[in-house]
Amino acid sequence: LTARRNMLASLLTLLAAAVFAACHESDDNNSDDTPISPNSDGLHVVNGKFVADAAGNRLILRGVNMGSAFADGFGMAELPEIEKTGANAVRLVLQRRYDHSGTGTMTAAQIEPLIISCIDKGMVPVLELHDYTGTSDVSGSLGQAIAWWTSADMKPMLLKYQKSIIINIANEPDDGSTTGNTYS
């Protein structure tokens with residue numbers, strides 16, 4: 001089961017990188033043996049192989065998970081403490097159907113201050129939608145997750161920060177019963 005979850009997590013990471021790469025021009029002339037050209041626009045995918053920062057350095061994420069959806073104030077108070085660890089990234093656990101009263105929907109207005117704070121602290125925000133973790137309906141769940149990310153509320157805000165964030169579309173959307181064909 002752990003191997004299957006690791007495989008699925010890897011597939012989702014590749015899916016997220018592919019989506020990210022599809023949104024940006026790739027530099028087809030760049031090989032692994034040549035220096036990476038700086039990109040003043042921020043994070044970018046190089047040859048569909050890895051993520052680089054604005055200076056052209058390969059990005060290796062070092063950070064922690066922060067359960068924003070479950071924390072008071074969505075975890076804003078925790079971000080300065082995470083910064084002290086030297087982390088260059090923080091995975092922000094989000095839920096679309098969640099607020100502190102348990103009845104509402106998490107909004108772009110609630111998420112944007114987290115993104116700004118992470119960027120201001122030199123950390124890449126990795127936005128992770130947790131609603132579908134362990135779902136038995138992978139195909140349906142991924143569609144619902146994508147619909148949330150691209151909704152009229154979320155999409156404009158995400159586009160403002162697209163060169164500074166990574167989106168984990170749906171965290172481990174599988175209960176272990178899905179085959180690899182679902183992802184192909």
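The values are calculated or read from the model by the stated rules, or taken from the named source; none is laboratory data. All values derive from a computational prediction rather than experimental measurement. Backbone-built Cβ (ideal geometry, glycine too); neighbour counts: all protein chains shown. Each accessible area value is taken on the protein alone, full model and side chains, heavy atoms only, with ligands, DNA and RNA left out. Shrake-Rupley method; radii C 1.70, N 1.55, O 1.52, S 1.80 Å.
Which order do peptides 86-95, 110-119 fall in by mean Cβ count within 10 Å, highest first?
Peptide ranking by packing, descending: 86-95, 110-119.
Entry comment: accessible area of region 90-182 is 43 Å² per residue, from protein heavy atoms only and a probe of 1.4 Å. Taken along the Cα-to-beta-carbon direction at a fixed 7 Å, the label points for Glu81 and Asn65 span 1.7 nm. Measuring between their Cα centroids, region 115-184 and region 42-93 lie 14 Å from each other. Net charge in the neighbourhood of Asp53 (other residues with Cβ under 11 Å of its Cβ; Lys, Arg +1, Asp, Glu -1) is +1.
Taking 7 Å steps out from each Cα toward its Cβ at Lys160 and Asn47 produces label points 3.6 nm apart. Counting only residues at least eight positions apart within a chain, or on another chain, the lysines with an alpha carbon under 16 Å from that of Lys84 are Lys121. Summary value for region 135-184: 63 percent relative contact order, contacts being C-alpha pairs under 8 angstrom separated by 6+ residues.
For region 66-158, the share of accessible area belonging to carbon and sulfur comes to 54 percent (1.4 Å probe, ligands and nucleic acids excluded). A crude spin-label estimate for the pair Asp120 and Thr150, with each label 7 Å from Cα along the Cβ direction, gives 3.2 nm. Given R0 = 41 Å, the distance between the Cβ atoms of Ser136 and Asp72 translates into a calculated FRET efficiency of 0.80.
Sorting the Cα pairs of region 41-136 by distance into bins of 10 Å, from 0 upward, gives 15, 43, 31, 11, 1 percent per bin.
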